[in-house]
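Values quoted throughout were computed directly from the atomic coordinates according to the rules given, and no laboratory measurement underlies them. Keep in mind that what you see is a predicted model, and the values were worked out from it rather than measured. Backbone-built Cβ (ideal geometry, glycine too); neighbour counts: all protein chains shown.
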Amino acid sequence: MVWRLVGITRYLERDGGVYLELEVIGLSRDILLEFAEQEKLSAASFKAVGALSSLRLGWFNWESKKYEPSVTLDEQVELLSLIGDVALKDGKPVVHAHAVIGKKDGTAQGGHLLEAHIRPTCEVVLAESPIHLQKQVDPESGLALIRL
Amino acid sequence: MVWRLVGITRYLERDGGVYLELEVIGLSRDILLEFAEQEKLSAASFKAVGALSSLRLGWFNWESKKYEPSVTLDEQVELLSLIGDVALKDGKPVVHAHAVIGKKDGTAQGGHLLEAHIRPTCEVVLAESPIHLQKQVDPESGLALIRL
Amino acid sequence: MVWRLVGITRYLERDGGVYLELEVIGLSRDILLEFAEQEKLSAASFKAVGALSSLRLGWFNWESKKYEPSVTLDEQVELLSLIGDVALKDGKPVVHAHAVIGKKDGTAQGGHLLEAHIRPTCEVVLAESPIHLQKQVDPESGLALIRL
């Protein structure tokens, strides 16, 4: 999978929270990741709402121990919730986010965020943590999980 | 669209957060808006769960550049997530919220909150921000978007 | 309904927030409840994402005034959002949580959390409140609702 990096356009740091307003066209996980790298975030949680023009979501197949595609949409949808966190893996920030979207008929779909194009906006509220969250590979699932 | 205003019944201010317990019958966006006006909120984010006896949700049609109806329900549902924020537009607070609801068969639907009747309760956690969030009309979409 | 109690494995207290990393196999409401009891939480709100190997959700039937089953799944799903709070009822913490899950085809379902097995993880961000939230039985619905 190729990620197209898009810059963060506007943000404002505040006590314990950061408001992000993301650009009209962007891959949301990229933007959050770039933001996390730029701000040297080592632990944060966020929630967001907005709208998307396309997206790819996945689910973790416990049999194959891999993320597999579950939703691929190329249409305008409401981003109903995007909840996730930032943690460090091997010293670098990683973003983990789960999305729920609403289609034009109100149907809700959702999964693990793989890729999304924001249109026209995504309002992210991100709270930074004073501690570090470290991810380590879990032997059973093969996933990098938070270990405090 | 006509909004029926319903008063806020109980709330308690705390450091950085406000807990709201909303009344049995009310239009949720109204209550949040009235609360925002009364408390002179200029920037806040919130999340909520609860239950509704009816609701109308919409989606933003990128072709028509308008919010159009997506879900209209007149039945008891669980409010699974209500995520949104308060910002200022032309000096007055505006509330933006996206809802996901669960029907009695567990089906999830969701969209941009247009109207909802709370029954019996909605537990809102609202965090006020020390900064102002200003909305300005975005020329491309025609929507008022947050500009920091 | 019988709850199987599973211990909290790792957590770290911080100013205004607590990060929980829950065990591979566990009943999520139990873990949160045990955590709330152990930490003597009297008021807190949380949001979480993760994955589940099985779950039971419900909805509040306004006619019967009872929680009735809406979703019973015995398969691996993404936990897209788990939003809820902790309050005191008769001096003991109670956990109220609503879940949205995503199936392998991306379908979203959701309801009031009755029971869930976490696999492999659930990332909970919990913010404690300095005030007490008290629940009292509401005469109309028969539910214990927060009364500030």
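Assorted remarks:
- Exercise: per-residue mean of other protein chain Cβ atoms within 10 Å, A:120-128: 5
- Here is how far apart the C:D90 label points are across copies: 5.4, 5.4 nm, shortest first, using a point 7 Å from Cα toward Cβ.
- Spatial separation of Cα centroids for region B:71-93 and region B:35-49, in angstrom: 11
- Histogram of C-alpha separations across region C:48-97, 10 Å bin width, %: 21, 39, 35, 6
- Measuring how big region B:66-148 is from its alpha-carbon positions, Rg and Dmax come out at 15.0, 43 Å.
- Listed by chain and number, the lysines whose C-alpha is less than 30 Å from the C-alpha of C:K89, apart from same-chain residues fewer than 8 away, are A:K47, B:K47, B:K103, B:K104, C:K40, C:K47, C:K65, C:K66, C:K135.
- For the B-to-C rotation axis, chain B residue with nearest beta carbon and its distance in angstrom: B:A108, 2
- For region A:95-139, taking the reciprocal of the average inverse distance between every pair of different Cα atoms yields a Kirkwood hydrodynamic radius of 13.9 Å.
- Distance between the 7 Å Cα→Cβ label points at A:E63 and C:E37: 3.8 nm.
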